Structure formats: structure tokens, C-alpha cells
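Please treat every number below as a calculation from the coordinates, not as lab data. Note that this is a predicted model, so its numbers are computed, not measured. Reconstructed Cβ throughout: ideal geometry from the backbone, glycine too, with neighbour counts over all protein chains shown.
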Amino acid sequence: MNGLDQIFVGTGHWIAGLFPVYVQPLISAALEIAIMMAVFGGCFALTSVVERKLLGRMQNRYGPNRVGPFGLLQPLADGIKMLTKEDIVPFSADKTVHFLAPLALSVPIWLAFAVLPFGRNMSAIDLDAGILFFFAIGSASELAVFMAGWSSQNKYSLVGAMRAIAQMISYEVPLVLSTVPVLMLAGSLSLNEIVAAQGTYTLGGLARWNVFTPWGLAGLLLFLIAATAESNRSPFDLPEGESEIIAGFLTEYSGFKYALFFLSEYLGLFAITGLAVTLFLGGWHAPFRWLEWVPSWLWFAGKFCALIFLFVWIRATLPRLRLDQLLNFSWRFLVPLSLINILVAVAWYWSGSWKSPVALPVRWVLCAALVALPYHWLAQSLRGTLPPPRKYTYAE
Amino acid sequence: MDGAGIIKGMIETARNFAGSYHDEARLTTVQYPEEKLAPVENARTIPFLVYDGAEALPGLRCTACMICEKECPPQCIYIVKDTVKKPDFVGKMQMQPKVFDIDISVCMSCGICVEVCPFDAIKMDQVFELSTGDRFGGLLLNKTQLAKPNDYFNKLHKTEAAEIDLRRVEEKQKAEAAAAAKAAAPAKPPMAPPPAP
Amino acid sequence: MLNEIAFLLCASLTLAGAVAAMMLRNLVHCALCAAGAFAGLAAIYLQLSAEFAGFAQFLVYVGAVAILIVFTILLTRGADIQTGRAGSSSSWIGLLVAGLVLACLVGSIMSSPGLVRLPAQTANAPVQKIGEQLMNQYIMPLETMGLLLTAALLGGVVIAMREPAKANPSAR
């Protein structure tokens, strides 16, 4: 059903066609921006309440269910609350930097949505170095975290900001390294090309998503772990853990600035989930050839929602990691594993030229072993960081 | 296997999630104003005065003996004895309180007043929705507000109330038997005058 | 025309950031303005259609070097020290020397043969070509840079590593 698939693209062209020619690029860009802000703003509102309800159900309780049907109007109440709160700036805070920090966090993250392909022909900009743009933008947000923490002139904020930055730069390395196999095997940094490379079908209709290969599966898991850490989500939410450090670098923010931080955190999560879908889950492609009639943006949305559910599920299950556990995990486990994953991808690629009916299972076993053995050894080496079992002495 | 703990944890939360839609044990929330948990028999919040019969003030068991006022640790009970007496359930004339105030913002729910009352007149209630907008007297309950019927007491504390009712019925029967015996006994012969010295 | 305006904006952002980084009193403000100057430079690269260079500049400078500078300032307590007057007492000599250096640079740039105004052409530097060049023609500098960075990383680890506890059987 090509019409339904291209409904947004077609509508955009029609609206832009109503304006004179020299202003059309501007109009179509403005339209794309407006739609993206509306969709992802709405997604943020919905996610904040759906996450709370899912967390509730996983913790044997209801989530919010008073405001609106099934509590779905809760973001409205939250928004009104945030907007009407008094905006308190500490007396000794650095006013300019304190004011600019939420902006410096928000703007790069909004920019990151520009390169994601949400459907067939539906990426706002087709950059030749799309992924590099994405990661460059992501790294700019770390400076904003520092600005927030330092400008509050509060030692908890500063410690929280330092921890947040240490965590974010530590997990940026496995994030980027886990995408290297994808880039190598797709042969391009452009996100549209990467999606196109996953569009062919094999084995009688199964799509060649990257996740259906051993290195793709390992890569997706590494990417998701690093993405959870980059968005400061549980179990990596030490920088803003309420029981640890009050609110970390967000301590001195209230009202709309806090809402902006909250928004930016969720938007960062959406952007990185979109990237995970694009790189590993085949973007807007259907999993089976006979499901191609479903519109491409619907597939993207479905995979996106599945990954968000996974993030919420992990948040409900795992306790928070301590800072040294966090950094050990990144540098001593994820980075070596992602480097080895690159080698596994190379092995997969070279063995792709084997022409035998039993080639596929053999390749799978070989590459899976190449990933699983280092995983096991690295996990053993991490176990050395556990404290020794406690010896209990009792009073006689 | 490494990472098995994480998988087990995630399976458990998944079961919580799926089970919360059909299994009672996996969704134990009681949505408070609409649904309420049944209180336990021994739950206690503030005291109340028990009365027998249909009318509160004539049937009040309290005889204004002042023991609960003396024993109350935060001294939240204020009693003023009445000059008019009234009969109790056996028929004997007893004192009654003219004023019986309990300041429930001070009451600490210890139940000592209940333990020391010789007449089973004051018992612990289980109401907790006591907030009021009147901050000058709203939490000072007087005799009429504190009086609740014996049926209410039975509903709250079934076993204790049943035992008390049984005892009171027996005492009433004994008193009636004693009164009947006294009325049926022949008139005592007049005492012989003491021998003259 | 639009190109000129864009270039002027990026250049003024870079210059303003650099001047602010020089003249502000608070050291952390200086670091943040330096990050702004880096961002302006990245914008200039992007304007020249050097996509890879622009994004890499942003990623490395704003995302890593600026944070490094900020960490250094905080760890060495430079942030507590408020500089007094932004200039020094002998600012005239400094201005003179800076003016001489500027004159030398401008003179050499203006008289260089490379300053021929070529007709504006879109740069042809797709990432694939950059990759091929790096792996074929520029492989030696690439590997040297890798070695240099590895040495720096090892040095950092050695400095930050805790000393192994000396085995001392008497103290328990």
C-alpha cells in the first residue's frame, strides 16, 4: 500500500506546493521541524505516563490512574505543575550558566532527530556522515550537564555532574565501538544507506536485519547497555539517584528548567532508541517479506515502542550500579567486548563467501563462540571486583 | 551462566506485569477511597462510649467513676459528674457524667482507659477518617459524639462484645434472682430485746 | 550572499568565543567560551562542505577536549582563583608583540601563492574517499597518531593508578 506508506511525505509535498517556489525549501523544513517537535513532544508526554504505569504493573501496583481515563492525562497535570512552580535560582549561583544549561542540553538533542529515517523517504536530512553527526551532537550534551552541575554552586550538584560526565564519557566508547561493525558491513556512515543495506530478504522471506547475525545481536545488546548509560537511566542513574545524592546536578533546578531537563533526558532516550532501531533492527523494514504491506513508519514505531518497553522493563528489574561498578563494567567489560565484536563481524563477513548448504549454521556457531568465550572470560575477570563473602561472627 | 541473575530478575518482573492483569496476588493495591481494607478486630484508634438500648444518653454505661480520666497518660479525658443519678442495667442507681470530653488530637490510642474501666463503658473505636476543617473544637469530641450503640460494639469487636454481653446477662439474672429471693423471703422476726442487765 | 552572512556569523561566533576565553575573569567561563569557539570553527568547516571534518571537530573538541579542560580546571582548583584585572600592567608591550605577530602572519598569507581566489566549487570529500585516503596514502600518520594516543592513555592510567599495597607482614 504505497499510498499509506508515503502519506506523510505526500502531505508535506502538497502543503509545500501551496507556497511560491523560492520559499518552498524553507516551508518544507519548517513543516518537518514542527511535525517532529509535535510527535516527539507528544511521545514524551505519553512515555512519561506509560512508563510509570508499566513500572507500577511490574511492581504489583497500579500506576497513576486518577487523571483522565487510565491516568493518561497525567502529563497534563505534571506539565501544569512544572510550569506553575516558582523558578528558584540560588543566590550564589552563576546566573548566566545556570540559565543556559537546560538550553545547551535541549538544543543538540532536538537536532539529533534530523537524521533518523522514520520511514521510507522520511528522514529530514540525508547526511553523508549521519552517524558522526549523531554522536557529535550527543557529546555536546555532556558539557551542558557540567554547566548545570557547576553553576549551581552546590557540592552535591558538582559531585553529581562529575559523576554524570565520567559515566557518559566512559559509555560513549562502547556506544560508538558497537556501531563500528554495522558501519563496516554497510559500507557507509549514512543512516539511509544503512537501512537500505538491511532491506534484502533471505532464507525465504526473513529480512537481513543486523540483529539476526551473531555480531548484530551482541552489538545490539552492547548498544542498548551503553544507551541506557548515556541517558542516565536506571540501572545507571547514579548521577540523579534520589537516594544517593538528592538530585545530583538537577538539585538546584525547579519549574520549567527542570521540565526542560526532564524533557531532554527522554528525548535523548528516544533519539538513541531510534538509532538502535535504524542500525540493528532494520529501520523501517518489515521482518518478513509477506509483511511488507504494513506502512514503513508503522514498523519503525512498533520497533521503537518495543525498545522503549525493554528500557522500562530493565529499569523495573535492576538495582542501581555504584560508580566504581559502573566504570569497571564499561572499561573492563564493554570496551573489550565491543572490540572483539568488530573481529567477529569481520569473521562473519569473510565466511559469507562459503558456498555450502551447512554454511549458515557453521558460521553462526563459529561467530557465536567467538563472542561467547570472551564474554565469559571478561565476566570472570569482573567477578574479581566483587567483595569477598562476608564472615559473620556472633557474640557468644 | 553469567548474567543469569539479570535474566531471572527480568522474568520475574515480566510475570508481575502479565499477572497483574488477571491474578489477584500480583496486583495487591487497594484503591483507597473507593475500596477499603477490612480492619483487624484488635485495631484501635480513639475511644468511644458504649450505650445499651435505643437511646444514647439514658443507656450510657459510664458511671463517671473518673478512673479513665486519672489513668489516661496524656490526660485527654475530661469528665464532670452529674448530680442526677440514673439506673444501670441491673437497676441500681449510678452516677452519670454531665460532661465527657475526649480531645482526640491528644489521644495516643494506648487503650489504658479501656483496660481500667470497671463497667465496660469505654471501648476502642476503629474510625480513622477524623480530619475536620474546624481547628478550634473539631477534634474535641463530647459525650453525644462519643456515644455509640452496643450493636456497633458487637460489629467491631465480636468476641469481646459477645463475652461482655454474656456476663452482663448473667449478672442481670443473678441480680433479678437475688431481688426475687429478697422479695419472696418471709419477713424477718423482730429481734429479741437484749436481756436486761 | 547567504553564504557570506553565514560565514560572518560563524566567524564572529568563533572570534567572540576566543576573545571571551581570553578576557573573562572566571576560569570556567573562559573554558565554556572556548568550547563555543570550537563550535564556531566546526560550523565554518561545515560551511565549506567538509562534513566529516566539521562533525569530527565537534565530537572531539566540544565533546572531549572542552570537558578535559573543564575537568583540569576543577581538579587543580583553578576555579577558586578569581583573576583580578583581566589585563596585566604591561599590556602595551603585549599589544605590540601581538601586533607584530599579526603583521607577520597577514603579510605571509597575503603574499602566498595559495591565495588565488578559485571559483566556488562544492568540495568533493565524501566519507568513503576520506577513508580510502586514510588507509592508503596516509596510513603512516594514522598509525603514528594511534601510537601517540595510546601512549597518552597509558600515561594517564599509570599516573592515576593506585600504588599496589606494599606487602608488610608486621602491620595487619
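Computed from Cα atoms, the angle from the helix B:158-184 axis to the main principal axis of chain B rounds to 10 degrees. Taking a point 7 Å out from the Cα of B:Ala180 in the direction of its Cβ, the residues of region B:82-111 whose backbone N falls within less than 20 Å of it are B:89-92. Per residue, the convex hull spanned by the Cα atoms of region B:1-107 measures out at 226 cubic angstrom.
Using R0 = 60 Å, the C-beta based FRET efficiency linking A:Met37 and B:Leu166 works out to 0.20. Report, to two decimal places, the Cα Rg of region A:327-382 normalised by 2.2 N^0.38 Å (N = number of residues). Expressed relative to 2.2 N^0.38 Å, the Cα Rg reads 1.32. Residue by residue along A:308-321, Cβ atoms of other protein chains within 10 Å of the local Cβ number 3 on average.
Peptide C:50-61 has a mean shielding of 5, counted as Cβ atoms of other protein chains within 10 Å of each residue's Cβ.
Helical content of the protein assembly as shown, expressed as a calculated mean residue ellipticity at 222 nm, amounts to -18500 deg cm²/dmol (DSSP H runs of 4 or more residues, -39,500 (n - 2.57) each, divided by residue number, nearest 500). Based on alpha-carbon atoms, the Kirkwood radius and the radius of gyration of the protein assembly as shown give Rg/Rh equal to 1.17. Computing FRET efficiency as 1/(1 + (r/R0)^6) for B:Ala25 and C:Leu147, where r is the C-beta to C-beta distance and R0 is 60 Å, gives about 0.45. Working note: Karplus 6.51/-1.76/1.60 with θ = phi - 60° gives region A:145-161 the couplings 4, 5, 4, 5, x, 6, 6, 6, 6, 9, 5, 5, 4, 5, 5, x, 5 Hz, where Gly and Pro are set to x. What does the C-alpha gyration tensor say about the overall shape of region B:78-175? Classify as rounded when a/c is under 1.5, otherwise prolate if a/b is larger than b/c, or oblate. Taking the square roots of the gyration eigenvalues as a ≥ b ≥ c, region B:78-175 is oblate. Report the label-to-label distance for A:Phe19 and A:Asn2 in nanometres (one decimal), using points 7 Å from each Cα along the Cα→Cβ vector. Here the modelled spin labels are 2.8 nm apart. Over region A:1-84, what is the relative contact order in percent, taking alpha-carbon pairs closer than 8 angstrom and at least six residues apart? Reported relative contact order: 15 percent. Rounding to the nearest 10 and keeping the result within 0 to 90°, find how far the Cα-based axis of helix B:4-19 lies from the longest principal axis of chain B. In chain B, helix B:4-19 runs at an angle near 60 degrees to the longest axis. Peptide B:12-21 has a mean of 5 when you count, residue by residue, the C-beta atoms of other protein chains within 10 Å of its C-beta.
Sorting B:Lys155, A:Lys355 from the fewest to the most surrounding beta carbons within 10 angstrom yields A:Lys355, B:Lys155. In region B:108-163 the Cα-Cα distances spread across 10 Å bins starting at 0 as 18, 51, 26, 5 percent of all pairs.
Label reach from B:Phe128 (point 7 Å along Cα→C-beta): in region B:85-114, amide nitrogens under 18 Å belong to B:104-111. From the largest down, region A:113-248 spans 59, 29, 22 angstrom on the principal axes of its Cα atoms. When each of A:Cys43, A:Cys305 is scored by the number of other beta-carbon atoms lying within 10 Å, the sequence from fewest to most is A:Cys305, A:Cys43. Three principal axis extents describe the C-alpha atoms of region A:89-323; from largest down they are 66, 35, 29 Å.
In terms of its Cα atoms, chain A spans 78, 68, 39 Å along the principal axes, sorted from long to short. Exposure proxy for A:His98, B:His22, A:His13: other Cβ atoms within 10 Å of each Cβ, ordered fewest to most, give B:His22, A:His13, A:His98.
The mean sequence distance of close C-alpha pairs (under 8 Å, at least 6 residues apart), as a share of the length of chain A, puts its relative contact order at 20 percent. At a Förster radius of 51 Å, what calculated FRET efficiency corresponds to the Cβ-Cβ distance of B:Arg15 and C:Ala11, to the nearest 0.05? Rounded to the nearest 0.05, the efficiency is 0.25. If we count every other residue with Cβ under 13 angstrom of B:Leu57's Cβ, Lys/Arg +1 and Asp/Glu -1, where does the sum land? Net charge in that neighbourhood comes out at +2. Computed from phi, the 3J(HN,Hα) profile of region A:24-41 under the Karplus parametrisation 6.51, -1.76, 1.60 (θ = phi - 60°) reads 4, x, 4, 5, 5, 5, 4, 4, 4, 4, 4, 5, 5, 5, 5, 5, 6, x Hz, with x in place of Gly and Pro. In the calculated pair-distance distribution of region C:1-64, the portion above 15 angstrom amounts to 50 percent of the Cα-Cα pairs.
Were the residues from A:Leu46 through A:Phe309 laid out at 0.36 nm apart, the gain over their Cα-Cα distance would be 93.4 nm.
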